[in-house]
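Since the structure comes first, as structure tokens, the remarks are kept for the end.
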Amino acid sequence: MEPIVLSKARAFAKRVIKAEKYLKTEKREHSMSNQLLRSGTAISALIAEAQYAQSKADFINKMSIALKEANESRNWIILLHDGEYIDDKSYDSIYDDINQLVMMLVSIVRTSKSNS
């Protein structure tokens with residue numbers, strides 16, 4: 001059974017993949033959608049890597065980078081909304097997803113640092 005944070009990160013990555021396709025084909029937006037695709041899919045990859053970290057420090061490092069990627073993704077989502085590439089309903093939904101991931105990752109990193 002995979003950790004909840006990994007399940008949520010993979011679900012978010014799937015949403016990002018679909019969003020990137022929509023943004024490119026329907027909105028003709030390429031730059032920010034590419035950035036969102038990179039950062040949004042990196043989160044689950046880093047969490048998956050962290051499961052088999054070589055040490056506690058390696059685990060914290062990978063989860064910290066996942067947190068950075070999540071924060072970057074949140075930034076691209078805000079900019080896409082502000083640029084009117086995504087509507088309010090879509091924004092509220094995807095922003096809620098990334099915000100949950102950020103909060104989970106913050107908690108994991110903080111707890112891991114305090115336990116090491």
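The values are calculated or read from the model by the stated rules, or taken from the named source; none is laboratory data. Since this is a predicted model, take the numbers as computed values, not measurements. Reconstructed Cβ throughout: ideal geometry from the backbone, glycine too, with neighbour counts over all protein chains shown. Heavy atoms of the whole protein, side chains included, go into the accessibility calculation; ligands, DNA and RNA do not. Shrake-Rupley method; radii C 1.70, N 1.55, O 1.52, S 1.80 Å.
Tabulated data
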read-out	value
The range 33-70: number of residues that are closer than 17 Å to GLN100 by Cα and of a type in the set (Asp, Glu)	1
ALA53, sole failed condition from (1) open to solvent by 50 Å² or more (accessible area, probe 1.4 Å); (2) under 25 Å from ASN115 (Cβ atoms); (3) not in a helix (DSSP H, G or I); (4) not hydroxyl-bearing (Ser, Thr, Tyr)	(1)
ILE60 vs. criteria touching a residue at least 60 places away in the same chain (Cβ under 8 Å) and not acidic (Asp, Glu)	no
Selection from the range 72-107 of residues that are touching a Leu at 6+ places or on another chain (Cβ under 8 Å) and among the β-branched types (Val, Ile, Thr)	ILE77, ILE86, VAL102, VAL106
Sole residue being touching a residue at least 12 places away in the same chain (Cβ under 8 Å), more than 19 Å from VAL5 (Cβ to Cβ) and touching a helix residue (DSSP H, G or I) at 6+ places or on another chain (Cβ under 9 Å), chosen from LEU79, LEU67, LEU46	LEU79
